[in-house]
Amino acid sequence: MRRPLFARMYTRVRPAMDEQGAADHRRRLLTGVQGRVVEIGAGDGGNFAHYPTDVTSVLAVEPEPYLRAQAQRQAASAPVPVEVVEGTADHLPAPDASADAVVVSLVLCSVPDQAKALAEVRRVLRPGGELRFYEHVAAAPDRTLATVQRISDATLWPLFAGGCHTHRDTAAAITAAGFEIEELDQFEFPPDHKSPASPHILGRARVKS
């Protein structure tokens, strides 16, 4: 899946986003993660530096070639073992029940089918395993921003933002996929600049028993 213009733009923008506070959100996302991890849509490897040392391995899946090459460079200096591989969210190159945790970070906005991606998350998670998520989502209850999101998604936003769709209720999709959300934080990022991608959620979930 080649998105060369978006990939190069993202690698320029991501460090600035981290300086604005995204790095703190990444750290919160990964605090307490242990064991074998599958990270979906690893991008340029922005999460790698934040993995705690209780993680024994990370299988980082990234379909875009330029971003995957950048992620491989980041993996070389990560505090935990990271293997960067080609793959997509709806067909993860990992065995059933092989992961203690699955990490999704600013990626469920751009997958073609959230239900298929989350079904793959369930497949690769071991019983009792965790889904960690950090995503921008549909605005609620801000109806004006929600309207802006719908217009953006129907016009040029996905074209210039790597397939991103801003008006997705990702928390509802996680629940519909059979997960129970155990922790959920809702916030706007960046806090001082509202855009279609401002509303965010961060949290963790497990498959319902």
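Can you work out ³J(HN,Hα) from phi for every residue in the range 36-44, in order, using Karplus 6.51 cos²θ - 1.76 cosθ + 1.60 and θ = phi - 60°, giving whole Hz and x for Gly and Pro?
8, 10, 10, 9, 9, x, 5, x, 8
Let me cross-check Cys164: its accessible surface, 1.4 Å probe, with only protein heavy atoms counted, in Å² to the nearest 10?
10 Å²
Got a number for the accessible area of Glu182? Probe 1.4 Å, square angstrom, nearest 10.
Estimated to the nearest 10 Å², Glu182 gives 90 Å².
At 1.4 Å probe radius, can you tell me the per residue accessible area of the range 67-209 in Å²?
That works out to 49 Å² per residue.
Quote to one decimal, in nm, the extra length available between Ser57 and Leu159 on full extension: 0.36 nm per residue of separation minus the C-alpha distance between them.
33.3 nm
Work out the charge dipole of the range 102-209 with +1 on the Cβ of Lys and Arg and -1 on the Cβ of Asp and Glu about the Cα centre, then indicate which of Leu202, Gln114, Thr147 is farthest towards its positive end.
Farthest towards the positive pole: Gln114.
With unit charges on the beta carbon (Lys/Arg positive, Asp/Glu negative), name the residue among Gln20, Val85, Pro95 whose Cα is farthest towards the positive pole of the charge dipole of the range 11-97.
Ranked along the dipole, the leading option is Gln20.
Considering only protein heavy atoms and a 1.4 Å probe, what is the carbon-and-sulfur percentage of the accessible area of the range 100-175?
Solvent-exposed carbon and sulfur of the range 100-175 make up 62 percent of the total.
Among Asp54, Asp113, what's the order by accessible area (1.4 angstrom probe), most exposed first? Walk me through the numbers on the way to the answer.
Numbers: Asp54 95, Asp113 60 Å².
The most accessible residue leads, giving Asp54, Asp113.
With every protein chain kept in the model, how would you rank Met9, Met17, Met1 by accessible area, 1.4 Å probe, largest at the top?
Numbers: Met9 90, Met17 45, Met1 110 Å².
Result of the area sort, largest leading: Met1, Met9, Met17.
The values are calculated or read from the model by the stated rules, or taken from the named source; none is laboratory data. For clarity, every value in this text was computed on a predicted model and none was experimentally measured. Cβ sites come from the backbone with ideal geometry, for glycine too, and all protein chains shown count toward neighbours. Side chains included, ligands, DNA and RNA excluded: accessible areas come from the protein's heavy atoms. Shrake-Rupley method; radii C 1.70, N 1.55, O 1.52, S 1.80 Å.
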